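One structure below.
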């Protein structure tokens with residue numbers, strides 16, 4: 001599933017759920033956290049993938065997080081970017097400790113590697129297809 005901003009589609013970033021467990025995890029978050037996530041996502045569509053604290057934060061090596069802070073809980077959605085103004089959501093969870101869990105970071109980094117490898121394979125296949133069409 002992808003989010004898009006129809007008002008500014010020529011310059012919009014596209015956000016996709018990279019894995020099937022992302023949307024259900026977000027849906028389980030408190031209402032105020034979900035509302036904050038939607039607000040931040042809308043901003044990302046028009047402003048880009050990482051417009052800074054307190055809403056987004058770079059975690060290093062191409063991994064970022066959306067910081068959705070509610071009254072009782074805090075949600076995190078970890079994501080990466082791909083060429084062509086694409087944002088891929090990798091992992092969503094309710095934060096239970098001050099620091100982001102190493103387990104959650106590990107899962108997100110593994111998923112990011114999978115997403116980026118699949119993207120590279122699609123690019124290679126597209127280039128091969130393009131060369132065959134020109135021959």
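Can you classify segment 38-85 as rounded, prolate or oblate using the Cα gyration tensor, where a ≥ b ≥ c are the square roots of its eigenvalues, rounded means a/c under 1.5, and otherwise it's prolate if a/b beats b/c and oblate if not? Oblate shape, in that a/c is at least 1.5 and b/c is the bigger or equal ratio. Against the chain, whose longest principal axis comes from its Cα atoms, helix 31-47 is set at around 40 degrees. For segment 33-67 and segment 76-91, write down the distance between their C-alpha centroids in whole Å. Rounded to whole Å, the Cα centres lie 10 Å apart.
Of [x] 25; [y] 53; [z] 36, which is the value of percent of Cα pairs over 26 Å apart derived from the coordinates here? Only one listed value fits the structure, namely [x].
Starting from the Cα-Cα distance between residue 43 and residue 116, subtract it from 0.36 nm times their residue separation and give me the gain in nm to one decimal.
Numbers: separation 73, 0.36 × 73 = 26.28 nm, distance 2.38 nm.
Once the chain is fully extended between residue 43 and residue 116, it gains 23.9 nm.
Highest mean packing first, where packing is the average number of other Cβ atoms within 10 Å per residue, the peptides 27-35, 104-112 line up as 104-112, 27-35. Exposure proxy shown here: for 63, 89, the number of other Cβ atoms within 10 Å sets the order, fewest to most, as 63, 89. With angles folded into 0 to 90 degrees, how steeply does helix 102-134 sit against the dominant principal axis of the chain? Use alpha carbons for both and round to 10. Here the helix axis deviates by roughly 20 degrees. Each of 37, 51 has some number of other Cβ atoms within 10 Å of its Cβ, and from fewest to most they run 51, 37.
Bear in mind that the values in this text are calculations on the coordinates, not laboratory data. Treat the numbers as computed from the prediction; the structure is a model and nothing was measured. Every residue, glycine among them, receives a Cβ derived from its backbone with ideal geometry; neighbour counts consider all protein chains shown.
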